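The values are calculated or read from the model by the stated rules, or taken from the named source; none is laboratory data. This structure is a prediction, so every number in the text was calculated from the model and none was measured. A quick note on method: Cβ atoms are made from the backbone with ideal geometry, for glycine too, and the neighbour counts reach across all protein chains shown. Surface accessibility is based on the protein's heavy atoms, side chains included, excluding ligands, DNA and RNA. Shrake-Rupley method; radii C 1.70, N 1.55, O 1.52, S 1.80 Å.
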Amino acid sequence: MEVDEVEKLLQLALTPDSKAIQAAEEKLKELTKTSGGCGLLLQVLRGSRNSSTRQLAATLLRRHFPKVWAEVPAADRTAVKAGLVDLLARDEDDEVRSAISILAAALTSSEPWPELPRYALQMIEPAQKDSTRKMGFSMLKMLLESAGPDNFPLPLVLPAAAFAISSDPSVQVRINALHTYGSLLITFPDDAELLSSLPKAIEASRGLFENARVSGTVSEDELDLVACSIFEIFAEILELWTTKVREIFPMMLSFSLEEALRPHPRDSMLPASREAATEFVATCVTLFPKAVRRATMSDQCIDASFQLMVESEGDAASAFEGDLDDDETTALMLGVRLLDAVASKLPSKDVYSRGMNAVQKLAGSTMPYQRAIAYRSMAIMVDGCRNEAKQLISALSNAYKGDSEAQVRASAMRSIGALVEGLEIYELDEKTLREVREMSLETSILGIKDPDIRVRKIACASLEAALTAYADEGDIAPRVDDITNVLSQAGIPEEAVSAAAALADVAGDSFTRSPAFQGVVLAILELMSYEDEERIPARAVATASAGSILKVIRADDPKKVELMNMIGTKALQGYSIDSPELREHTHILFARLAETLGSAVTAVFAREVIVEALKSLERDDGVFLNADGQEISPDDLDLEDFDEDEGGGPTAFSVRTALMDEKIAAAEAIGAIAMTASSEDFVAPDPQGLTTAFTKAMDAVDQYHGYYHELIRASTIRLAARIAVSSKGSFFQNRDEMRKRALESTLSSVQDFIQNDDDIQVVAAALDSICIICDGLGPEAIEPFREGINLSVKSILDGTAPVCNADFEADDQVHYEEEVDERRDFLVDSLMEVFVSLCKAYRAFYVKDFAAMLPLIMERFCKKNNPPADFSAALGGIAESFNYLHFGKPMVPAGLTVDQLAMDTMAADSLAPQVIPTALLGMKEKEHSDIRRNSVFLIGVIMHRSSKSGFIWGHFEGIVREIASLFDQNVEQERSVVDNACGCLGRILASAHCPLSDSDVGGFVEMMLTPVPLTTDLSENFSVVRGLLNIVGRGDAGWSVVVRNAAKVAEVAARSVLMHTDKTREVADAMAELNAEEIGQTRQLLMEIASRVGNNVLDSTTLSADEKQSLAEVFRG
């Protein structure tokens, strides 16, 4: 190709004809792949008379010449450099010269060019014209970024930049000099002369801004550019945080506050400089709050946030309709972001006193938007004023009730919701928490009846937030009828269905028993009937809420089940609507239905739901896009396009997140149906159709084994395990064949994922799949794969599995360290669950396997420097595993013999010495209550299961002293730890080898009953009762102890009976539950106590009237 042809191509690329541009770009793309092609472009740059053509040639060379620079002979490279310097000197077009300077700087990344900085220094000499000086500073900045500090003439550049910032007659040159100065700071952060120049540079920056503003020679946009440049440099200076920076910190902060609050015309756009200034102030407060306080500028920062918000009259709508984290540059949102920073970082007493002064002034304003801002700000302030949460919510509640303007009531209501959302992290005392949530709940209920629809919508969200502050059904039960009545009324906005879902989560059975429950369900059904396109999102939300309500429906309540059947029928119709969100929530609804309502209801919908879920699994959740955003076939994809500079090239891969979520929900729905279908009472209306559906589901799962997205790999491996379990179902016409196929596919994939996949979520799902099969099909299903599973699990423990050393792309919204910890915790939990499941399935047959794994578990997770969550999870998993290794008499799994049963030594005896020292240290852990709790749990299990000669009994007295210390009321202790300590003592008493004499047992029992009634881990009532049953077996000595502590014994015994008979409770496994014989003995214990101390013994307990009535019904039954 000749030079004139290349010039014509460049000219075509500049025409308005899109086809001509595309054709020219394709040829130029091929041309720039070689050094010869770049040489032709260089000739055009030297010889073309058209400035636009020369500029484009320089731009293309800047992008591609460095890639082929090494192919150019050394002599030619020298000539090219000289030619570029010559072009910089003689080209008359500033745009072309700028492009050439960028090209020259880019080449320094490929090869040193020590002459270029010296030439750039000549360009910034005062005698040069403005455009040349401006270009020279830009080139120096680019040289620093591309070539680094080597051979850079800092001693010459620094004084030139400092002089230009303060004295150059051109504002643009001064701005470029300022940016160059910032690059010097980044490149040479330890240079003493550079650091000593900082105060003068800051003063010069302020002078630059003031001169530009006063002179009137620059436009408002140019003035903004100056200020933004200054704040960019300020930010770079702040990163250094040296002694010199600390000295000039007040100067920078003061100037920033001045600019943030600089008045501007009401009819003009908000200056970018104000945003930059405000963000800099917020950064100072966030990163260096102590420095702000030392500079005595806390009050100014607090005042500035309110002053900014008050100036937002033109943005008044945002004060009560937008979200607090809106990415806006309005004065309101800038003030919100600054207030958020000062509230979270500056002393709460300063924020509250200063802030409330401003709030009170605004709240007394006659202008509604100012009152709205006052109440909006209170929700932000609470983050730093947690001790004043009650006063703030009280003021907001009164503001809502007392203001006649809807926008003000909306603002107060929105702030109530925002404030109550954070109650979990505010660490309020019980009394204050109770008062705050009651006020927020009461005000939210009033808001749902508000005459203004906007307020009613916001009130629904506030109610939803308020409900999450209630711990359990007992807390919310007295208010359930009031809330349900409000939610079932006509005229309530669509947002109310989310509040209904939140009520179901916390209120449980109390919600379904409410007289207005049916009205709420019918309202949801009405929303689920929407078919207009604009109302499909509301239908999706209603479907999601129905799924939440399903979780609390009792399968033995015919009327409620009939309502849920209606919901299921309506939900099926939603599959015909093309909405990924609606299909996702419909899948989740049927998953909840299968989990909650059992076989009879699930069988009605099973086949049709699986068919629809398979359609979701088959949908394409990713698409390749070209530069214009148009979908293209992967076959048309040029992989080189991905290597283009700037933006990753003209093509990209886009994940359709909504379809991804839909697929995950589809797998969940099929899996839930599979588990329900495995039960003996499941009767399929169409056995052949359901068998075919599950077979197709298994086909789909096999296709996803190597899928690109980790969440799909994770969800489908769990699904495969559940389909394997479903083969137990009587409807399966080829169950043995399906079970064999599913087991081989699943457990082979499990081992493959653990040994080769580096994604934590996928490996955790593979571990979960082992548990699903182990729990669902027993050891016979696992046995052929046991050796492979043990090796795979061992690879995680010894750190050789890829997942142990994998890097991953961090979530921008989560701190990297936090995300690493969260994902690792997820993996450790799943790993320990595998051991628990295997021990539960194999019992004593797994002792030898577990004994081989235990040292690795201890080494990997139970060292002092291990993450606390890992440490705690490992201790809890070991405790549960120990319990199962000893639990009951194991059946002999197929493929094993009694000879292989490791009964020659008890696991608790042989393995206890490895874990007891660690557990004793864990009990003394001060900062992490979970470690204390699981250490106590582990010790209790070992003592319960040990033989008479067990290692543990040698430490009996010391252990009891440590547990007793957990009951010390002078030491602050997590209630869950106290409850577990109580259960631990119960396990000790339940041991046949407990060394306590009759004379010692009284004091021991009284100590054990110290924390009764238990409030957090109620299942520990069972452990306490087991110990008490063992005590009364001692005869009169035992009964005398029980009678002396009759009220507390009656408390735990009654609670145990009620929990055992509560069909809505999620039943724990037999390891913790009392068996039928023990329940009978517990009832006898209660009756004997009543006969010895009187029938009114329950009056001394915390049982409610309803609970006493339920207990009476149990005894009558």
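Could you state how much accessible area residue 955 has, in square angstrom rounded to the nearest 10, with a 1.4 Å probe and all protein chains kept in place?
Roughly 70 Å² of residue 955 is accessible to a 1.4 Å probe.
Order 442, 247, most accessible first, counting only protein heavy atoms with a 1.4 angstrom probe.
247, 442
Heavy atoms only, probe 1.4 Å: what % of the accessible area of the stretch 651-738 goes to carbon and sulfur, would you let me know?
Working: 1720 of 3380 Å².
In the stretch 651-738, the share of accessible area belonging to carbon and sulfur is 51 percent.
In degrees between 0 and 90, to the nearest 10, how far off the longest principal axis of the chain does helix 1020-1032 point, with axes built from Cα atoms?
Approximately 30 degrees, to the nearest ten.
Give the carbon-plus-sulfur fraction of the accessible surface of the stretch 63-218 in %, rounded to a whole number; probe 1.4 Å, heavy atoms of protein chains only. All intermediate terms of the calculation are to be shown ahead of the outcome.
Numbers: 3680 of 6890 Å².
Here carbon and sulfur together make up 53 percent of the probe-accessible area.
Give the carbon-plus-sulfur fraction of the accessible surface of the stretch 998-1061 in %, rounded to a whole number; probe 1.4 Å, heavy atoms of protein chains only. Mind dumping the intermediate values first?
Details: 1060 of 2140 Å².
The computed percentage sits at 50.
Compute, for the stretch 468-591, the length of the dipole vector about the Cα centre, with Cβ point charges of +1 (Lys, Arg) and -1 (Asp, Glu) only. Units Debye, rounded to 20.
Numbers: 10 positive and 20 negative charges, 68 e Å.
That gives the stretch 468-591 a dipole magnitude of about 320 debye.
Order of 726-734, 428-436, 1044-1052 by packing, highest average Cβ count within 10 Å first? Kindly include the intermediate steps, with their values, before the conclusion.
Working: 726-734: 19.6, 428-436: 14.6, 1044-1052: 21.1.
Final packing ranking: 1044-1052, 726-734, 428-436.
Give the peptides 972-984, 34-46 in descending order of average Cβ contacts within 10 Å, highest first. Write out the running numbers ahead of the final one.
Details: 972-984: 21.8, 34-46: 19.3.
Listed from highest to lowest mean packing, they are 972-984, 34-46.
At 4 °C and a viscosity of 1.567 mPa s, what translational diffusion coefficient does Stokes-Einstein give for the stretch 677-818, taking Rh as the Kirkwood radius over Cα pairs? Give it in µm²/s as a whole number. Write down the numbers at each step before the final one.
Values: Rh = 16.0 Å.
This corresponds to a translational diffusion coefficient of 81 µm²/s.
Take the Cα pairs of the stretch 40-174, get the Kirkwood Rh, then feed it into Stokes-Einstein at 37 °C and 0.692 mPa s and tell me D in µm²/s.
This corresponds to a translational diffusion coefficient of 215 µm²/s.
Any idea of the accessible area per residue across the stretch 655-749, 1.4 Å probe, to the nearest Å²? List each step's numbers first, then the result.
Working: 3690 Å² over 95 residues.
Roughly 39 Å² per residue, with all protein chains present.
Using the heavy atoms of the protein chains and a 1.4 angstrom probe, tell me the accessible area per residue for the stretch 1-122 in square angstrom.
Accessible area per residue, the stretch 1-122: 50 Å².
Candidates (i) 57.4, 179; (ii) 36.2, 115; (iii) 37.5, 118; which is the computed Rg and Dmax of the Cα atoms in Å?
(ii)
By how many degrees, between 0 and 90 and to the nearest 10, does the Cα long axis of helix 929-945 differ from the longest principal axis of the chain?
For 929-945 against the chain, the angle is about 30 degrees.
Roughly how tilted is helix 35-47, in degrees to the nearest 10 and between 0 and 90, from the longest Cα axis of the chain?
40 degrees
Where does the chain land at 222 nm, in deg cm²/dmol rounded to the nearest 500, when only DSSP H runs of n ≥ 4 count, each adding -39500 (n - 2.57), divided by all residues? Numbers along the way, then the final one.
Details: 54 runs with 780 residues, N = 1117.
Calculated mean residue ellipticity at 222 nm is -22500 deg cm²/dmol.
Could you give each residue of the stretch 972-982 its phi-based ³J(HN,Hα) in whole Hz, using Karplus coefficients 6.51, -1.76, 1.60 with θ = phi - 60°, and x for Gly or Pro?
Couplings: 5, 9, 4, 5, 5, 5, 4, 4, 5, 5, 4 Hz.
Tell me the per residue accessible area of the stretch 496-623 using a 1.4 Å probe; a whole number in Å² is fine. Mind dumping the intermediate values first?
Working: 4860 Å² over 128 residues.
For the stretch 496-623, the per-residue accessible area is 38 Å².
If packing is taken as the average count of other Cβ atoms within 10 Å, what order do 932-944, 403-415, 1027-1039, 528-540 fall into, highest mean first?
Packing proxy ranking, top to bottom: 932-944, 403-415, 1027-1039, 528-540.
Using only the alpha-carbon atoms of the stretch 1074-1117, report the extent along each of the three principal axes, biggest first, to the nearest angstrom.
For the stretch 1074-1117, the Cα extents along the three principal axes come out at 27, 24, 18 Å.
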